[in-house]
Amino acid sequence: QVQLAESGGGLVLPGGSLRLSCEASGRFFRINDMGWYRQAPGKQRELVATIMKSGSTKYADSVMARFTISRDNAKNTVYLQMNSLKPEDTGDYYCNMNVQIHSVLSGINYWGKGTLVTVSS
């Protein structure tokens, strides 16, 4: 069974920074793509950033140049460095990983339970 555990959320002032982490545990062959999503109160979950197995990245326009996604394959962990935070960045942040349980099987998408980020003065 694969489990994802996020950490690093909290309350921060506008203009501040936070670093989120998400570690995968369990038995599996490989992790392919990793990503972060967020859901603001009363809104749908939206993509924040993704990082491919190759290392290439993609960002939502709203976080471009402020957020940086990275991964440590040896630690099965994905990070999201968030700088210049704005009140509209408030929400639950979820990590997502495409995990291959076995080399001959296709990847399955797993989700973490989320970590709350609140940007407020």
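The values are calculated or read from the model by the stated rules, or taken from the named source; none is laboratory data. The model shown is predicted, which means the values in this text are computed figures rather than measured ones. So basically every Cβ, Gly included, is an ideal-geometry build from the backbone, and we count neighbours across all protein chains shown. Just the protein is used for accessible areas: all its heavy atoms, side chains included, with ligands, DNA and RNA removed. Shrake-Rupley method; radii C 1.70, N 1.55, O 1.52, S 1.80 Å.
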Legend entry - 1.4 Å probe accessible area per residue over segment 1-77, in Å²: 59
Inset, instruction - Counting other Cβ atoms within 10 Å, keep those with at most 16, restrict to DSSP loop, and tell me which trypsin sites (Lys or Arg not before Pro) in segment 1-80 are left. - result: Arg27, Lys43, Arg45, Lys53, Arg66
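Treat every Asp and Glu Cβ in segment 1-97 as -1 and every Lys and Arg Cβ as +1, leave all other atoms uncharged, and give the resulting dipole magnitude about the Cα centre to the nearest 20 debye. Working shown, then result.
Working: 12 positive and 9 negative charges, 49 e Å.
Taking the Cα centre of segment 1-97 as origin, the dipole is about 240 debye.
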Inset, instruction - Could you check which residue among Gly42, Gly16, Gly55 shows the biggest mean-square fluctuation in a GNM of the chain with a 10 Å Cα cutoff? - result: Gly42
Legend entry - Paramagnetic label zone (point 7 Å from Cα along Cα-to-C-beta, Arg30; backbone N under 14 Å) in segment 82-121: 98-108
Legend entry - Relative contact order, percent, the chain [alpha-carbon distance under 8 Å, six or more residues apart]: 36
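Within the chain, what whole-number % of the accessible surface is contributed by carbon and sulfur, with the 1.4 Å probe and all protein chains included in the calculation? Mind dumping the intermediate values first?
Details: 3220 of 6680 Å².
Of all accessible area on the chain, carbon and sulfur atoms account for 48 percent.
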Legend entry - Where the Cα pairs of the chain fall when distances are cut into 5 Å bins, in %: 2, 12, 23, 24, 18, 11, 6, 2, 1, 0, 0
Legend entry - Qualifying lysines (Cα of each under 22 Å from Cα of Lys75; at least 8 residues distant if same chain): Lys53, Lys58, Lys113
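For the chain, what is the percent of antiparallel DSSP beta bridges, rounded to the nearest 5?
Values: 40 of 43 bridges.
Counting only bridges with both partners in the chain, antiparallel ones make up about 95 percent.
For a Förster distance of 35 Å, can you work out the FRET efficiency between the beta-carbons of Gln100 and Asp61, rounded to the nearest 0.05? If you can, show how the numbers build up before the last one.
Working: r = 31 Å, r/R0 = 0.87.
After rounding to 0.05, the efficiency reads 0.70.
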